[in-house]
Amino acid sequence: ILDEKQINGLVTPDGTIYITQGFINQYRSGNVSGVELTSVIAHELGHLALGHTKKRLITFSAISAFSFVFSTILSRLIPYVGSIIGRYISQILISGLSRKDEFEADAYAAALLFKSGIGTAPQISLLKKIEKLTGAVSPSVSWTMSHPPPLERINAIRDLEISWIDKLKDQN
């Protein structure tokens, strides 16, 4: 348990999964169920299994180097504003890669939950209430957001589950 007030889960490159104290507090107060918390752990397992943690270290380092060079060049061409534009572009690149990883980790978690017989309902129910729990509101433009909007994630998970159910029906 990570002693942080925000509601989050994360995994380190060495495979340690952390759930924040804020998440645990929401569980203890009954705002988050045990299976919803399980879906977070499954999501973090997805990041680990898919190599996202190590990939992020390498990618973020490369983008930081690119950002430095690009910002330096832009600041010479467009004084004051050039470096801001360079940092904004690098943030868009980092955020885009992060959102892709989040969809992949969601899919991994959905598969684990589906195959275990739990199903994706806890994952979806947590995503439905995540903005209320965190106090964050999805912006209309998500270019610089590290996570996709909850509704996009929910729709992707539902689409996966529908495709798996259809495959099972075809097999029978």
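Suppose only helical runs count, i.e. DSSP H with n ≥ 4. What mean residue ellipticity at 222 nm does that imply for the chain under -39500 (n - 2.57) per run, divided by all residues and rounded to the nearest 500 deg cm²/dmol?
Result for the chain: -24000 deg cm²/dmol, rounded to the nearest 500.
Write down the accessible area per residue of the chain in Å², having rolled a 1.4 Å probe over the full set of protein chains. The partial results should precede the final answer.
Values: 10220 Å² over 172 residues.
So the chain comes to 59 Å² accessible per residue, rounded to a whole number.
Roughly speaking, to the nearest percent, how much of the stretch 1-155's 1.4 Å accessible area is carbon and sulfur? Please list the in-between numbers first.
On the way: 5600 of 8780 Å².
It is 64 percent, rounded to a whole number.
Write out the chymotrypsin sites (Phe, Trp or Tyr not before Pro) in the stretch 12-89 meeting two conditions: DSSP loop, and at most 12 other Cβ atoms within 10 Å of their Cβ. If you can, show how the numbers build up before the last one.
Working: sites: TYR18, PHE23, TYR27, PHE60, PHE66, PHE68, PHE70, TYR80, TYR88; in loops: TYR80.
Here the sparse-neighbourhood loop sites are TYR80.
Tell me the accessible surface of ASP170 in square angstrom (1.4 angstrom probe, heavy atoms of protein chains only), to the nearest ten.
The accessible area of ASP170 comes to roughly 130 Å².
Have a look at SER61, LEU74, LEU112 and report the one farthest towards the positive end of the charge dipole of the stretch 1-112, computed about the Cα centre with Cβ charges (Lys/Arg +1, Asp/Glu -1).
Value: LEU74.
May I ask for the angle, rounded to the nearest 10°, between helix 121-134 and the longest principal axis of the chain, with both axes built from Cα atoms and the value confined to 0 to 90°?
Tilt relative to the chain: about 50 degrees.
Under a point-charge model restricted to the Cβ atoms of Lys and Arg (+1) and Asp and Glu (-1), what is the dipole moment magnitude of the chain relative to its Cα centre, in debye to the nearest 20?
The calculation lands at about 300 debye.
Along Cα→Cβ, 7 Å out, is where each label goes; now give me the distance between the ones at ASN172 and VAL35 in nm to one decimal.
Computed distance between label sites ASN172 and VAL35 equals 1.9 nm.
For Cα extents along the principal axes in Å, the choices are (i) 63, 42, 35; (ii) 54, 33, 33; (iii) 46, 41, 30; which was calculated from the structure?
(i)
Hey, if you put +1 on the Cβ of every Lys and Arg and -1 on every Asp and Glu Cβ in the stretch 21-172, which of ILE92, ILE41, TRP164 ends up farthest toward the positive end of that dipole?
ILE92
Mind listing the long-range amide H neighbours of LEU2? Cut-off is under 5 Å, sequence gap 5 or more, other chains count too, H placed in the peptide plane at 1.01 Å from N.
Amide H neighbours of LEU2, under 5 Å, 5+ apart: ILE19, THR20, GLN21.
How many nm separate the modelled label positions at ILE118 and ILE24, each set 7 Å beyond the Cα in the direction of the Cβ?
1.8 nm
For the stretch 9-97, take every pair of Cα atoms, bin their distances at 5 Å starting from 0, and report each bin as a whole percent.
Reading upward from the zero bin: 3, 13, 16, 13, 12, 12, 11, 9, 7, 3, 1, 0.
Using θ = phi - 60° and the Karplus relation 6.51 cos²θ - 1.76 cosθ + 1.60, list the HN-Hα couplings for the stretch 155-164 in order, rounded to whole Hz, with x at every Gly or Pro.
My calculation for the stretch 155-164 gives 4, 5, 5, 4, 4, 4, 4, 4, 5, 5 Hz in order.
The values are calculated or read from the model by the stated rules, or taken from the named source; none is laboratory data. The shown structure was predicted, so the numbers you read here are calculated from the model rather than taken from an experiment. Note: ideal-geometry Cβ built from the backbone for every residue, glycine included; neighbour counts use all protein chains shown. With ligands, DNA and RNA removed, areas are computed over all heavy atoms of the protein, side chains included. Shrake-Rupley method; radii C 1.70, N 1.55, O 1.52, S 1.80 Å.
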